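Before any comments, here is the structure.
The values are calculated or read from the model by the stated rules, or taken from the named source; none is laboratory data. Remember, predicted model here, so these are calculated numbers, not experimental data. For neighbour counting, all protein chains shown are included, and Cβ atoms are generated from backbone atoms with ideal geometry for every residue, glycine included. Note: areas computed on protein heavy atoms with side chains; ligands, DNA, RNA excluded. Shrake-Rupley method; radii C 1.70, N 1.55, O 1.52, S 1.80 Å.
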Amino acid sequence: MLTLLGIFVVVLGFLLRQNPLLVIMASALVTGLFGGIDPIHLVSAFGHAFNENRYVSIIWLILPVIGLLERSGLQERARMLIGRMRAATTGRVLLAYFMLRQATAALGLTSLGGHPQMVRPLVAPMAEAAAETNIGELSEATRQRIRAHSAAADNVALFFGEDIFIAISSILLIKGFLQTNGIVVEPFDLSVWAIPAALLALIIHGARLLLLDRSLRKSK
C-alpha cells in the first residue's frame, strides 16, 4: 500500500502549486522506492525514458511560430473575421469549435487543437469578437469568463472525443487495468461505449454554451 503514496505526492504537489514536472518526478521516485526498485535502476529508467522520448521537445519549435503569428496580427485577423458575421455569437462560435475538436479527436487527431496553438491565438479572440459585436464593449471580468469557456470547450471536447479512437492511450490504459483485474475487454468495445458519453458531453456542454449567450445578453 505504500506505493500509493505517489498519488498523495501528486495531489499535495498540485495543491501547493509546485512545478508539475518536479511533482511527477517526485511521485515516481516515491512510488519506485516503496515498490522495492533499486535507486540506481530507478534513475536509469528516467534517463532511458528521456532518451527515448526526445521528440517531445519539438513543442519548443512550435511556440516561436505561434508567437510570430500573433505578433503579425493573427488575433486581430480572427477578430475581424468574426466581427463581419452578424449571426455569430460567442456560444455558437465555441459550439462550432467544440464539435470540430470532438470530431477530430475521435479520429485520433488530438494535436489539431489545444490551448497554446488554437484557443489562445484563435478561438478565444473570435469568441470575444462575437461578444463585442452583439453586446458592445466587454468588461475585464466578462472577457476572462469568455476565455475560460473557450478553454473549457477545448478540454471537454478532447476528453470525451479521444476515447472514441481505438488506438488512443486512454483506451489502452483502461484495457490494461481491466485485464490485470481479470476482466477481458476489447479496445473496440471500449471505443463504442465512449460514443454515448461523447454525445451526452456535446448535448450538455452545448447547452451551457448557448446559455452563455443568454447570460451575456443579460449582462448588457
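What the table below lists for this structure:
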| read-out | value |
| --- | --- |
| In segment 167-200, the residues that are in a helix (DSSP H, G or I), of a type in the set (A, V, I, L, M) and surrounded by 11 or more Cβ atoms within 10 Å (Cβ to Cβ) | ILE171, LEU172, ILE174, LEU178, LEU190, VAL192, ALA194, ILE195, ALA197, ALA198, LEU199, LEU200 |
| When residues of segment 104-114 are limited to those that are out of contact with any Ser or Thr (no Cβ under 6 Å at 6 or more places or on another chain), farther than 12 Å from ALA198 by Cα and not polar (S, T, N, Q), the one surrounded by the most Cβ atoms within 10 Å (Cβ to Cβ) | GLY113 |
| Candidates ARG101, ARG120, filtered to the one that is open to solvent by 50 Å² or more (accessible area, probe 1.4 Å) and in a helix (DSSP H, G or I) | ARG120 |
| Residue check, ALA148 farther than 30 Å from THR89 by Cα, surrounded by fewer than 18 Cβ atoms within 10 Å (Cβ to Cβ) and of a type in the set (A, V, I, L, M) | no |
